[in-house]
Every structure is written in C-alpha cells, then in structure tokens.
Amino acid sequence: MAGRSATPSPLTSSFTAPASLSPLPPMEAPAFVKFPLTTRIRSPLHDCASPSSYPFLPSIRNLSFSCTSSLISSGHSFSHDSFSDRSVNGLPVSGCSSRSFSSDTFSYGFINRLAVSRSRRVYAVSDKSPETFDNVVLSKVKRPLDMDPLSLWNRYLDWLYQHKDLGLYVDVSRIGFTDEFVAQMEPRFQKAFKAMEDLEAGAIANPDEGRMVGHYWLRAPHLSPNQYLQKQIVDSLDRVRRFAADVVNGKIKPPPCPAERFTQVLSIGIGGSALGPEFVAEALAPDNPPLKIRFIDNTDPAGIDRQIAQLGPELSSTLVLVISKSGGTPETRNGLLEVQKAFREKGLDFAKQGVAVTQENSLLDNTARMEGWLARFPMFDWVGGRTSEMSAVGLLPAALQGINIREFLQGAAEMDKATRIPVMKENPAALLALCWYWASDGVGSKDMVVLPYKDSLLLFSRYLQQLVMESLGKEYDLDGNLVTQGLSVYGNKGSTDQHAYIQQLREGVPNFFATFIEVLRDRPPGHDWELEPKVTCGDYLFGMLQGTRSALYANKRESITVTVEEITPKSIGALIALYERAVGLYASLININAYHQPGVEAGKKSAAEVLALQKRVLAVLNEASCKEPAEALTLEQIAQFCQAPSQIEMIYKIIAHMAANDRALIAEGDCGSPKSIKVFIGECNVEELYD
Ligand SMILES: O=P(O)(O)OC[C@H]1O[C@](O)(CO)[C@@H](O)[C@@H]1O
C-alpha cells in the first residue's frame, strides 16, 4: 500500500481526485446517484485506519469513492447515519460530497461501510468504470462461489468438522470464504479465544453490568473460578435432581389428593426463562413423560386462560414453576397472579404447588419465601437469562419430564471442551463464527435462516433467535462506537418450510445464509419401513434437505450444515453449547458485549409509561364524570387535562383498547374517526377524586 499512512490525515476541501483516476465516463446522473437519504451506513468492525486488518478488501486499491463531508472531516471514525444531497464530479449524488478521493485508507473505510448496505443501490467510482458496491464486494472481494462438484467435494473434505463422541458434524463448505479471509481472520480469532479463556477464568466479561459470565461452569463446576461458586452449582444441581426425583416418584405429592402424584408442570417465564425449557421439552420429552409440561410465556390473557382451561381438573396436580432471573419481569408476574387466581377459584392452595426459580432475594424469591412455596431454586447473578438452560431454569423442567439431565450436561461439557481449542479449523464454534462473519460481512448484512429437518427441533430457531439476537444486536461496541450490530435469525423446520418461504430463499432477494440442522437417525431402531420400494419416509426428509441445500447453493445461496447422529439429551446439550460458544466468539470478533441487553429496557420503560398514562386518563375521565352534569371529553381535552398533548395518539389507543374490553369507560363516536370520539365514565368514583 504505497503512500498510505496508518492514520488518515483530515482531508480538506481542496482535496481532489488523484490523477490516476480516469475521468468518469458519461452516465445518467440518476443511475449513478440513487440511494435514499435515509440510507443507513453501518459502523465498521475494523480499524479502518488499518486496511490490512480488513479481511474483505485485500485487493481493492485505487478505487475512488464519493464520500460524505463528515467522513472527510472526521477521518476514519464515521458517525453519521444518513447522507445529504451532494454531487460527485458534477453529477448530483444523493448523500455524497462533491469530492472523490482514493486514499487507500479512506477507500477501505468507506467500502467497509457501504459494502454492508449493498442491498441498496449505492454506487462507487473506480479507476475502471463505475460499479455498484455489489460488484465491488461480490466480484472483487467475495469471489464467485465455486460450483465445480469435485472441487466442492474437496472443500467439503478439507473443512468438514467431526466430533466423534458426540456424533456431530459441521460442514462449512458451502460458505464461500477464501483462504485469504481465513488468514486475515486468524489474529482476530486468537484474540477471541483469549477473551473466551479470560471469561471462563472469571473475568468481568459483561462490563456494562459488572458481571462475570459463567454459563460454561454449569456443566463443569470444577472450572468455576472459586470454590464458593463451585459449591453453589453442585448444590443446586443436587437439589434439582432430588426434588425432581421426589416429585416423579410421588414422594412429594400435590396436597389436595395425597394419594396421587403431580401429573403436570405449568412453567411461567419469558425470554431466557422460557425459550430453553420450551425447546428442550419439544426436542427431548418422551411421549409419555412422568409429568407433562405446558408454558405460559406471555401476558396474553387469552393465552393464559387457554393453558389453565386445558389443565382443567388437573390443576390440582399441577406443579407450577415460576421462572425469572430478575424476579420482577411483568409478564411473568402477571402469569403468576393469573394462575394464583385460578387456584383460589378452585379452592386450591397455590403455595403448596408453587416453585420459584430466581435470584436470591429477588421480589419473586421473597414472595415465595414469605408465602411458603413448595420449593425455591437459585439463579445465579453470573448466568444470563439466554444462557441459563443448564441452570435450574432448564434442568428442573427437564428432569420433571424424565429427560436425562446428566447426559444433557455431559453433551454440553464435551462440546465446551471441543470449542475451547484455539485452532479455528478444529473448533466447530469458531467455524460457525467464521461463517457468520463472512456471510454477513461481520455486520449482520445477511440473516441466518435456521432450518432443522426434524419436527422435534422446531423450536431451535426460536431459541437461537434470542440467544443470537439479544446477544449480538447492539448499538454500541465495547469501545463505545456506534455500530448497530446484529445477526437476524429466523426459521422453522424443513421440509415444511419448503412449502412456505424457500421459494424466496432460492430465487428472491439474497439477503440470508442458511443453516441446515440434519439428524441422521430417522426413527428409533427397528421402527422404520419402506413406504415405497427401497425408500422410507425419512429418506424423503433427507432428500428434501439435500435437495434444498444443493438448489440454494446452485443459485449462489450459501449454507452451513450441522449434523447430529440422533436427537438425544447429549446431542441437544452439545448443540446448545455449540451455539453459545459461537455467539461468544463472534461477539469478540465484532467487539461487542454479548451478555447485556440494554435495548430491552427501552421497551419495558415505554410499556410502563403507557400504563401510567392509562391511569392518568382514567383519573381525568373520572373527574369529568363526577361533574354535574357528567362531562364527556374529546381526545384533545383528555390529552390536555392529562398534561400530555403530545400523547394524544397513545390516549386514543388506550381508550380504544379499554372500550373494546368492556371497561367502565364509554366512548361515543366513530372509532375510525378519532376526532369524533367523546369519552366518559358511566359512574363517578368520588373516593378516587381524593386519592
Ligand atoms: O428471567 P427474567 O429476569 O424474568 O427475564 C426474562 C428475559 O427478559 C430479558 O431480560 C429481556 O428480554 C431476557 O434477557 C430474559 O431472558
């Protein structure tokens, strides 16, 4: 990179395109300039001052790019979210300054940003001809995917990862990363491995919350950084085992009918306090479990009613798990209150059937203690919700369903060992992280579609959605730079999805990479039969998976395939551990904190504000209704009396919701024309006036 300085000097307005650039060929201005004013430019993952650290762009030199003045003036730390109208070389250009330049440093930095927004029509100027960034990235940086069957077979052999004991394979051959990319990622991976080592040794790996991150210790307590933690884990596991065994064996009985056993588990929790248990139940519960499980994982009253109704008389033999790390999550609290009401209505004593899984001294813990619930199990400060499946959160429900939690933990522990290996090619989690980085440009420019070809793995994509998106979807990196990072995850199962959205995956917008989850064993031994000569039902499923993988790749859609020999507690434990580690490593590669979730707070705060506003609206309406004669108020008046004129839309929605739910309030007028609405409360509550 001759002539490139390590740190870019601020460019001034006198900066001109270098002579090496050939003049721009004539072109249609609109074709050159189109991109929306709101085009969002992601922050880089790299030290843009050091293009050699940027893996995708080793060969790009002497390209000239239009650039915002903010980029020019702020050097490599680009901070604006949108562009304004400018022009390049006399052509009007939305979002670009009137200058072009070919400083390698800036070019790299700029490509870095525009490359990730390549789904939009953003154009760059090169020394040859104007090109779209698509072309720049895909043809020059991401070389075309290899389509030759034999060289693909060699690539498959070269990159195939196998864990013999776990019967697990990771095939990354259909992700098109190059050897140069792998080499350039190597130092980053070494850094990530080291960060992971520190994390496992007890470093404060979640600096924003000042917490250690210890989910790996849950399956290897001896690796926890001190004996106190070790004892906590072992004791908790011990108690889970004993309690579950006692419930299953009928030693602990439901109170109303001492002769009987608990027959059902009702698990109340949300997010990490539900998704893992739901996934594992679906994947591993036997057909006739000792206790059947159902979940309340929302504050939807109809959903809650349904669960309670379906329990029917069995409510009396239902063990209710209330799972919440914080012990204060509103949805979970609401679920608890609703279920407690149902118990009261049936004359049942909830406390005798209630079990809390939560942090010591949380609101939930204190409630359970004071009310004398049947049992309480700890959640640890150093285990995040989305990685808590191997704590009491996941182990207790699993054990109650007769799932072998020892094997489950063992599978995870074995995978942990494999994913500690600091060699990219020998570490399946590193291979996943490598592929994610390559496929999504390290900024989430493509979504991850998870396609398990197995009904029992249906919830894996939903589980991964939280694990990946809550961990990686972050606005700022660890150094406080705006990065708006993430990796979107969706998917259900194959081959079902082939009859839903795979049409678009194959032929539509190429904004994803796929992950196939393959299970080799179709049925337990001895149960298979040929539904047509030489072909079983499972052969079809297999054929569908392989066919889709090939068809996608033929159309340049990349994919990873993770294969397990069969669905067992061990393989499911291993899969969870594999993805937990992949997320951790990838987070290091992109320099973000994977273990906090500051964004979730905003939604919770707004929800609380809406409820507070609702209370004010009701107070205002009550006051108006207490007048003689009672006064009906327009939305404007309500907003004014609530001293919240800017909240008028929300007030309208609050009223519409309450009116639809037979609440005390009466709304007259046409709902479709909010300005016509007048609201009053039928009965004045005088006491409330003086509250
Ligand atoms: O276990 P808790 O504290 O009820 O939290 C439930 C979920 O809420 C979140 O905090 C935010 O959605 C998740 O991270 C967590 O898994």
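The values are calculated or read from the model by the stated rules, or taken from the named source; none is laboratory data. Note that the structure is predicted; figures quoted are calculated from it, not measured. All Cβ positions, glycine included, derive from the backbone under ideal geometry; neighbour counts span all protein chains shown. The protein model used for the area step is the full one, side chains on, heavy atoms only, and it has no ligands, DNA or RNA in it. Shrake-Rupley method; radii C 1.70, N 1.55, O 1.52, S 1.80 Å.
Table for the structure above
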| item | result |
| --- | --- |
| Region 272-308 and region 313-361: distance between their alpha carbon centers, rounded to Å | 14 Å |
| Apportionment of accessible area to carbon and sulfur, region 312-369, percent (1.4 Å) | 50 percent |
| Area of K341 that stays accessible when all protein chains are in place (1.4 Å probe, Å², to 10) | 90 Å² |
| Reachable lysines, given that their alpha-carbon falls under 24 Å from the alpha-carbon of K253 and they are not under 8 places away in the same chain | K292, K341, K346, K352 |
| Rounded Å value of the spacing that divides the Cα centres of region 210-247 and region 156-209 | 26 Å |
| Packing-based ranking, highest mean first, of 650-659, 520-529 given that Cβ atoms within 10 Å are counted | 650-659, 520-529 |
| Å³ per residue enclosed by the Cα convex hull of region 356-423 | 88 Å³ |
| With every protein chain in place, region 233-308: carbon and sulfur % of accessible area (1.4 Å) | 47 percent |
| Per-residue HN-Hα couplings for region 361-370 [Karplus 6.51, -1.76, 1.60; θ = phi - 60°; Hz; x = Gly/Pro] | 6, 6, 4, 5, 4, 5, 4, 4, 5, 5 |
| D_trans [Stokes-Einstein, Kirkwood Rh over alpha-carbon pairs] for region 163-284, 20 °C, 1.002 mPa s, µm² s⁻¹ | 112 µm²/s |
| Gyration tensor (alpha-carbon) shape descriptor, region 312-395, a/c threshold 1.5 | prolate |
| Prolate/oblate/rounded call for region 403-515, Cα gyration tensor, a/c under 1.5 rounded | oblate |
| Tensor-based shape of region 148-190 (alpha-carbon gyration tensor, a/c under 1.5 rounded, otherwise prolate or oblate) | oblate |
| For q = 0.24 Å⁻¹, Debye-computed log10 I/I(0) when each Cα of region 272-349 counts as one equal scatterer | -1.30 |
| Partner lysines for K325 [C-alpha distance under 19 Å; skip if fewer than 8 residues away on the same chain] | K604, K605 |
